[in-house]
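Below is one structure, written out as structure tokens; comments come after it.
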Amino acid sequence: MDTITQALLGGAVGYVVAGKTSRRKAMLWGATIAVLPDLDVLIPYDNDLDSMTFHRSWTHSWFVHTAIAPILALLAQRFDKTFSFSQWFLIIWLVLITHAGLDALTVYGTQLFWPLMPPPVSGGSVFIIDPTYSIPLLAGFLAILVLPEKRISNKLMRYSFMFSCLYLVWGYGIQLWMENQTKKALALQNITHSQLQVSATAFNTLLWRIVVVDDKHYFEGFKSLLENNDTFQFKRYDRGAGLIDKTQNLAAYQRINWFTNGLFKLEKQGNVIVASDLRMGMEPSYFFRFKLAYDNGNGVQVTTPNRIHSENNRREGVRWVWQRIWNPAVQFNNDSGLL
């Protein structure tokens, strides 16, 4: 999730571990440590595709966190003897692994098991920014920051942390239920698939976006928890099967296929073959789009896989999401007929 939310969660974890020793200090150290994994965005890479796919890798690995936590705890205790070694170890280890775990619940992709290389964990049960999750943590954080010794401040911190945990459980449970309902709908509509992603839409866990991929097509649908019927509607789009055949041996293709776990499409813009990550965005606008190769009709020519400009309709998309929660008849894009 966003770095501010990660700092708030880290502060809450630090408070839970060592708040009895020093409430404000435990919280502030937790918040500071929680920011560290996201500093990998400062590492330069050769191209934009590498920048995306190496983000949330070793700095978010539970193996790395477990290995470095005792070392950092020894160094931290030398710098600040407020907490014992065991307290420092638990603060550092729990803050780091909860940071990566929270990221893994979003759809981006987090390499929890680096240096092992399964596809990154791309949960999707919570959006990368969700005020319902973050605001209670902020309230508890500010209460301890301003009035650490007040009983009401400590109650607020404990209750906000408990609520944030329950909210994540809620999102995960609803996602599992929505996946089950989606599979039933796909079977009834005779839609076969190799990959399925159900993910929370912007700023909420009431409206869910469904992406279904097969060899030649992908399907997009939305389902709100507030709808009164069990109907699932999907729009079908071409996935670029012919372009996949041309580029599947390229390193950039294999990298994006691995990172998205197959949830991507290819298309041509002029003579440029473009790959779009189907997990982030909504048709026809996707946040991560990369040049893979040139195709002039005489074979494929490799190019540097940098990002290309994508039309920004974020404001309209967020407005549509809010409307779609309450009204299933609201349409965002009519480029393709409903199936």
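Candidates in region 29-39 are the residues that are touching a residue at least 24 places away in the same chain (Cβ under 8 Å) and of a type in the set (A, V, I, L, M); of these, the one that is farthest from M117 (Cα to Cα) is A31.
Taking region 281-301 as the range and being under 20 Å from V198 (Cβ atoms) and open to solvent by less than 10 Å² (accessible area, probe 1.4 Å) as the test, only Y286 passes. Scanning region 86-99 for residues that are within 25 Å of M280 (Cα to Cα) and surrounded by fewer than 24 Cβ atoms within 10 Å (Cβ to Cβ) gives I97, T98.
Number of residues in region 111-160 that are more than 16 Å from A12 (Cα to Cα) and small (G, A, S) equals 4. Within region 19-37, if we keep just the residues that are open to solvent by 20 Å² or more (accessible area, probe 1.4 Å) and in a helix (DSSP H, G or I), the residue that is farthest from L156 (Cα to Cα) turns out to be L36. Exactly one residue among P120, P115 is under 12 Å from S57 (Cβ atoms) and touching a residue at least 60 places away in the same chain (Cβ under 8 Å), and that residue is P120. Pairs linking a residue in region 154-180 that is surrounded by 14 or more Cβ atoms within 10 Å (Cβ to Cβ) to a residue that is part of a helix (DSSP H, G or I) and among the aromatic types (F, W, Y), with Cβ atoms under 8 Å and 6 or more positions apart or on different chains, are M157/Y15; M157/F141; F161/Y15; S164/Y133; Y167/Y133; L168/Y133. Sub-7 Å Cβ pairs linking a first residue in region 315-329 that is exposed (fewer than 12 other Cβ atoms within 10 Å of the Cβ) to a second residue that is not polar (S, T, N, Q), at least 6 apart or interchain, number zero.
In region 3-16, of all residues being in contact (Cβ under 8 Å) with a residue 60 or more places away in the chain and open to solvent by 40 Å² or more (accessible area, probe 1.4 Å), the one that is farthest from F203 (Cα to Cα) corresponds to V16.
Residues are listed down the side, and each one gets a yes or a no for (1) modelled with pLDDT under 95; (2) surrounded by fewer than 17 Cβ atoms within 10 Å (Cβ to Cβ); (3) farther than 19 Å from Q301 by Cα:
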position: L207; (1), (2), (3): no, no, yes
position: F222; (1), (2), (3): no, no, yes
position: N228; (1), (2), (3): yes, yes, yes
position: Q233; (1), (2), (3): yes, yes, yes
position: L243; (1), (2), (3): no, no, no
position: Q254; (1), (2), (3): no, yes, no
position: F264; (1), (2), (3): no, no, yes
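When region 266-279 is filtered for residues that are among the basic types (K, R) and buried (at least 17 other Cβ atoms within 10 Å of the Cβ), only R279 remains. I'm trying to understand the selection: among the residues of region 66-97, which are aromatic (F, W, Y) and part of a loop (DSSP other than H, G, I, E, B)? Hit for region 66-97 is F83, nothing else.
Of all the criteria given as (1) within 17 Å of R279 (Cα to Cα); (2) out of contact with any strand residue (DSSP E or B) (no Cβ under 8 Å at 6 or more places or on another chain); (3) outside any loop (DSSP other than H, G, I, E, B); (4) not small (G, A, S), the one not satisfied by Q175 is (2).
Sub-7 Å Cβ pairs linking a first residue in region 40-68 that is touching a residue at least 12 places away in the same chain (Cβ under 8 Å) and farther than 17 Å from W93 by Cα to a second residue that is in a loop (DSSP other than H, G, I, E, B) and among the β-branched types (V, I, T), at least 6 apart or interchain, are N47/T304, ordered by first then second residue.
Picking from residues in region 189-198 that are of a type in the set (A, V, I, L, M, F, W, C) and closer than 19 Å to S224 by Cβ, the one that is surrounded by the most Cβ atoms within 10 Å (Cβ to Cβ) is V198.
Whenever a residue of region 258-277 is among the hydroxyl-bearing types (S, T, Y), its partners that are open to solvent by less than 10 Å² (accessible area, probe 1.4 Å), lying with C-beta atoms within less than 6 angstrom and at least six residues away or across chains, give the pairs T260/D277; S276/Y286. When you check L116 against the structure, is it farther than 22 Å from M27 by Cβ, at pLDDT 95 or above and surrounded by fewer than 19 Cβ atoms within 10 Å (Cβ to Cβ), yes or no? The answer is yes for L116. Take residues that are under 17 Å from the mean Cα position of the chain (by Cα) and among the polar types (S, T, N, Q) and tell me which of the strands (runs of 3 or more DSSP E) falling wholly in region 200-319 contain 1 or more. Output list reads 272-277.
The values are calculated or read from the model by the stated rules, or taken from the named source; none is laboratory data. Worth saying up front: this structure is predicted, and the values here are computed from it rather than measured. For neighbour counting, all protein chains shown are included, and Cβ atoms are generated from backbone atoms with ideal geometry for every residue, glycine included. Remember, those area values only see protein heavy atoms, side chains included, never the ligands or the DNA or RNA. Shrake-Rupley method; radii C 1.70, N 1.55, O 1.52, S 1.80 Å.
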